[in-house]
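Read through the structure below, which is laid out as structure tokens, and then see the notes.
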Amino acid sequence: MSMPALQPHTQSSSDSTVTLSSLPDDDLVRRVRAGDGACFAVLVRRYNQRLFRTARSIVRDDDEAEDVIQQAYVNAYLHLDQFAERAQFSTWLTRIAIHEAWSRVRRQGRLRQLDPADDEGQRMTLFTSPAQDPEARAYGRELAALMEHAIAALPEMFRTVFMLRDVEGLSTQETAACLGLNEITVKTRLHRARGRLRRTLTATVGASAASAFQFDGARCDRVVATVMTRLEALHVDHAAPRQEDRPS
């Protein structure tokens with residue numbers, strides 16, 4: 001059976017008291033499985049920045065990271081029936097993006113030898129500045145660019161952990177689940193990543209971490225539109241009964 005046309009969602013009577021964007025992931029996933037393909041666009045928009053930052057930390061190229069997350073969304077949609085709600089959807093989706101990014105790096109022969117040395121480093125001190133004048137904002141953009149460059153220079157094993165923990169704000173447990181690591185390894189790699197960054201950045205640069213690798217506005221809209229167009233072309237209907245569910 002063909003998948004329902006993926007059109008931008010419009011408010012209906014059933015959504016009069018709550019908007020789709022406020023629904024939790026599990027509710028949106030259930031709606032997608034029931035045939036409401038437009039709900040998938042909400043999930044794409046919700047996780048665009050996290051997946052972009054994660055993929056960017058692996059492939060180290062903006063355009064390729066964008067390609068990675070588009071493919072990751074398509075893969076997730078096609079295998080949505082394999083999502084076990086015992087895990088968080090965000091973790092499952094992030095792992096798909098990580099797998100896609102690593103696969104591309106391996107195919108292109110760009111895996112680098114990772115240097116596990118350097119046990120130095122303590123927690124970076126993060127400062128926020130209340131200043132909002134144009135000069136301060138310009139300075140903040142410069143710091144964000146410097147932070148992006150410093151993070152990109154980290155070895156991959158440290159870079160991805162740092163991106164998930166300190167930039168995206170995931171917990172140690174969530175980061176471990178996304179990367180398939182134990183929590184001790186996550187803590188160790190984060191400790192080493194912070195140590196490396198601390199040697200090249202001033203303490204105040206940490207305040208710009210949250211504004212690094214932004215993925216919003218037109219770029220976010222472009223990924224949503226591209227993913228939904230690709231899914232429409234696949235003609236997959238999650239509401240259709242699976243073969244084993246059909247009466248004999």
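Of the residues contained in the range 100-119, none is found to be within 17 Å of residue 224 (Cβ to Cβ), at pLDDT 65 or above and surrounded by 14 or more Cβ atoms within 10 Å (Cβ to Cβ). Criterion applied to 159, 165, 192, 199 was being over 25 Å from residue 47 (Cβ atoms), of a type outside the set (S, T, N, Q) and at pLDDT 85 or above, and the one residue passing it is 192. For residue 243, the conditions (1) modelled with pLDDT of 80 or more; (2) among the polar types (S, T, N, Q); (3) exposed (fewer than 15 other Cβ atoms within 10 Å of the Cβ) all hold with the exception of (1). Return yes when residue 63 is over 23 Å from residue 218 (Cα atoms) and either assigned to a helix (DSSP H, G or I) or touching a helix residue (DSSP H, G or I) at 6+ places or on another chain (Cβ under 6 Å) (or both) and no when it is not. When the stated conditions are applied, residue 63 does not pass them.
Tell me, yes or no, whether the range 142-155 has at least one residue that is at pLDDT 90 or above, within 19 Å of the chain's Cα centre (by Cα) and farther than 23 Å from residue 70 by Cβ. No, because not a single residue in the range 142-155 is at pLDDT 90 or above, within 19 Å of the chain's Cα centre (by Cα) and farther than 23 Å from residue 70 by Cβ. For residue 175, are the conditions met, namely being among the polar types (S, T, N, Q), buried (at least 21 other Cβ atoms within 10 Å of the Cβ) and not assigned by TED's automatic domain parsing to the domain that holds residue 101? Yes: the conditions hold for residue 175.
Keeping to the range 204-232, report how many residues are over 17 Å from residue 67 (Cβ atoms), part of a helix (DSSP H, G or I) and at pLDDT 75 or above.
Here the count works out to 2.
The values are calculated or read from the model by the stated rules, or taken from the named source; none is laboratory data. These numbers come from a predicted model, not from an experiment. Reconstructed Cβ throughout: ideal geometry from the backbone, glycine too, with neighbour counts over all protein chains shown.
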